[in-house]
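The values are calculated or read from the model by the stated rules, or taken from the named source; none is laboratory data. Remember, it's a predicted structure, so these values are computed and weren't measured experimentally. Heads up, the Cβs are rebuilt from the backbone with ideal geometry, glycines too, and the neighbour counts pull from every protein chain shown. Side chains are part of the model used for accessible areas, which takes the heavy atoms of the whole protein and leaves out ligands, DNA and RNA. Shrake-Rupley method; radii C 1.70, N 1.55, O 1.52, S 1.80 Å.
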Amino acid sequence: MITLEDWALIRRLAAEGVPKTRIAARLEISRTTVIKAVNSESPPRYVRTPGPSSFVVFEPRVRALLVETPDMPATVLAERVGWTGSIRWFSENVKRLRPEHRPVDPADRIVWEPGDAAQCDLWFPPCKIPLEDGTAKLLPVLVVTAAYSRFTLGRMIPTRKTEDLLLGSWELIKELGRAPRRLIWDNEPGIGRGQRRAEGVAAFMGTLATRLVLLPPRDPESKGIVERRNGWFETSFMPGRTFTSPADFNTQFSDWLAMANTRTVRTIKAAPADLVDVDRAGMLALPPIPLHLGWRNRIRLGRDYYVRIDSNDYSVDPTAIGRMVDVAADLDRVKVRLDGRVVAEHERIWARGITLTDPEHVEAAGRLRRQFQQPRPVRDSDDDLVRDLGDYDRAFGLLDGQVS
């Protein structure tokens with residue numbers, strides 16, 4: 001077999017008109033080899049005749065196991081069939097066989113109509129946010145993306161619990177100005193899983209007149225728009241940024257989204273800000289009545305005069321001790337009412353295990369305590385009323401000293 005250099009030389013000499021016999025004599029090869037080199041379209045290369053490999057003996061048993069468990073790891077397969085050779089070689093052969101036994105899940109192209117749907121998801125920025133007690137924590141960001149226009153809204157929320165998820169959803173829908181006809185979620189515990197809906201979710205969807213769609217497992221295509229946005233945030237929004245608080249994060253994120261929504265999206269060849277009005281036109285009007293969302297509870301205020309919201313304690317006017325009070329909290333404020341009158345109002349704390357006390361409540365408690373500890377006045381006996389003895393005479397029929 002000739003070398004690559006000889007092959008190139010033969011073709012060059014033949015192109016210059018040198019006779020094939022002379023080329024063969026010059027290179028000391030046969031004239032037949034020269035003819036083959038001139039007529040070939042590619043350089044010569046050595047091709048080894050394939051023979052049976054060591055994997056052939058194990059292949060039937062590997063296939064049988066893959067039929068029952070298509071995702072069985074190659075290392076487990078090697079152990080089950082008694083493979084003792086190179087695990088890398090075995091894994092390459094398993095990788096070749098696995099697609100033949102794995103069920104196929106085709107992904108259709110989805111066409112989104114204006115106003116039809118919005119995709120919802122939680123994004124966890126790879127940065128801990130400073131909280132009120134000096135600690136820092138990874139906090140979730142609720143992201144809502146209108147499927148037709150790709151218009152995106154987002155807000156950091158304190159927890160993944162249902163109360164905060166619904167509060168955040170309502171704030172973003174109000175910012176959007178209209179309600180999408182469908183809200184698409186994956187299996188987020190605070191919203192629902194399978195056929196189960198978290199408490200309060202059905203009432204929230206009913207008030208908006210929208211429909212909740214909970215995606216089945218392994219269906220990323222139906223929520224891929226918002227998930228791609230999450231990856232985009234980490235590469236375009238996060239680099240080089242620092243945050244002093246959740247409020248600071250929300251301010252920076254909202255400002256950035258206002259700019260990001262004006263950028264052209266390659267898949268729709270338009271900017272979300274240019275299509276959002278068309279998207280809104282197909283959505284539902286917001287309900288005319290305010291939604292009663294958030295953390296709500298009705299309790300009898302104890303002597304401790306504190307109420308608890310999401311692991312944090314907030315003081316209440318102690319004059320309400322022993323009476324039923326209504327506790328309500330949204331993403332920003334905590335309010336306590338007694339018969340409709342506000343008896344406590346605090347900024348909501350996002351840290352955990354914090355006690356927030358209003359100095360006026362402590363002062364009122366001290367005043368009530370001093371009043372309780374003072375001895376009660378005892379009435380003087382001289383001031384007691386004395387019954388007229390004549391009443392007894394008349395009762396027993398004794399009049400003017402005579403006995404009846």
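Among the residues of region 311-323, those identified as open to solvent by less than 60 Å² (accessible area, probe 1.4 Å) and either in contact with a helix residue (DSSP H, G or I) (Cβ under 8 Å, 6 or more places away or on another chain) or assigned to a strand (DSSP E or B) (or both) are Asn312, Asp313, Tyr314, Ser315, Val316, Asp317, Pro318. Counting only residues that are over 30 Å from Leu9 (Cβ atoms), outside any loop (DSSP other than H, G, I, E, B) and without any contact (Cβ under 8 Å) to a residue 24 or more places away in the chain, region 28-76 holds 8 of them.
Taking residues in region 255-284 that are open to solvent by 40 Å² or more (accessible area, probe 1.4 Å), and partners anywhere that are assigned to a helix (DSSP H, G or I) and among the hydrophobic types (A, V, I, L, M, F, W, C), the pairs with Cβ atoms closer than 7 Å and at least 6 places apart or on different chains are Thr262/Ala273. Candidates are the residues of region 338-380 that are of a type in the set (Val, Ile, Thr) and in contact (Cβ under 8 Å) with a residue 40 or more places away in the chain; the one that is farthest from Pro140 (Cα to Cα) is Val362. Checking His346, His292 one by one, the residue that is within 28 Å of the chain's Cα centre (by Cα) and exposed (fewer than 13 other Cβ atoms within 10 Å of the Cβ) is His292 and no other. Which ones in region 77-126 are open to solvent by 40 Å² or more (accessible area, probe 1.4 Å), among the charged types (D, E, K, R) and outside any loop (DSSP other than H, G, I, E, B)? Within region 77-126, Glu79, Arg80, Arg88, Glu92, Lys95, Arg96, Glu100 meet the criteria. With respect to the stated conditions, Arg280 is outside any strand (DSSP E or B) and in contact with a Lys or Arg (Cβ under 6 Å, 6 or more places away or on another chain).
In contact (Cβ under 8 Å) with a residue 12 or more places away in the chain, open to solvent by less than 70 Å² (accessible area, probe 1.4 Å) and either assigned to a helix (DSSP H, G or I) or within 22 Å of Arg96 (Cα to Cα) (or both): is that true of Ala14 in this structure? Taking the combined requirement at face value, the residue satisfies it. For region 169-181, the criterion of being over 20 Å from Leu291 (Cα atoms) and either β-branched (Val, Ile, Thr) or without any contact (Cβ under 8 Å) to a residue 24 or more places away in the chain (or both) is met by no residue. Output the residue which, of all residues in region 131-176 that are of a type in the set (S, T, N, Q) and assigned to a loop (DSSP other than H, G, I, E, B), is farthest from Leu208 (Cα to Cα). Ranking the candidates gives Thr135 first.
In region 59-75, the qualifying residues are those that are over 10 Å from Val94 (Cβ atoms) and of a type in the set (A, V, I, L, M, F, W, C), and the one that is surrounded by the most Cβ atoms within 10 Å (Cβ to Cβ) is Ala64.
Residues are listed down the side, and each one gets a yes or a no for (1) at pLDDT 95 or above; (2) farther than 29 Å from Pro125 by Cα; (3) hydrophobic (A, V, I, L, M, F, W, C):
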position	(1), (2), (3)
Ile309	no, no, yes
Ser315	yes, yes, no
Gly322	no, yes, no
Asp332	no, no, no
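In region 302-320, the residue that is farthest from Leu166 (Cα to Cα) out of those that are free of Cβ contacts under 8 Å to residues at least 40 places away in the same chain and not acidic (Asp, Glu) is Arg303. If you go through region 43-50 one residue at a time, do you hit one that is surrounded by 10 or more Cβ atoms within 10 Å (Cβ to Cβ), of a type outside the set (Phe, Trp, Tyr) and modelled with pLDDT under 85? Within region 43-50, one or more residues are surrounded by 10 or more Cβ atoms within 10 Å (Cβ to Cβ), of a type outside the set (Phe, Trp, Tyr) and modelled with pLDDT under 85.
Exactly one residue out of Arg303, Arg298 is at pLDDT below 95, in a strand (DSSP E or B) and either closer than 30 Å to Met205 by Cβ or open to solvent by 60 Å² or more (accessible area, probe 1.4 Å) (or both), and it is Arg298. Looking at region 127-147, which of the residues that are touching a residue at least 24 places away in the same chain (Cβ under 8 Å) and more than 21 Å from the chain's Cα centre (by Cα) is most open to solvent (accessible area, probe 1.4 Å)? So, considering only residues that are touching a residue at least 24 places away in the same chain (Cβ under 8 Å) and more than 21 Å from the chain's Cα centre (by Cα), the one most open to solvent (accessible area, probe 1.4 Å) is Glu132.
Looking at region 95-113, is at least one residue closer than 30 Å to Leu275 by Cα, in contact with an Asp or Glu (Cβ under 6 Å, 6 or more places away or on another chain) and at pLDDT 95 or above? No, there is no match, as no residue in region 95-113 is closer than 30 Å to Leu275 by Cα, in contact with an Asp or Glu (Cβ under 6 Å, 6 or more places away or on another chain) and at pLDDT 95 or above. Scanning region 177-206 for residues that are in contact with a helix residue (DSSP H, G or I) (Cβ under 6 Å, 6 or more places away or on another chain) and aromatic (Phe, Trp, Tyr) returns a single hit, Phe204. Of all the criteria given as (1) surrounded by 11 or more Cβ atoms within 10 Å (Cβ to Cβ); (2) touching a helix residue (DSSP H, G or I) at 6+ places or on another chain (Cβ under 9 Å), the one not satisfied by Thr21 is (1).
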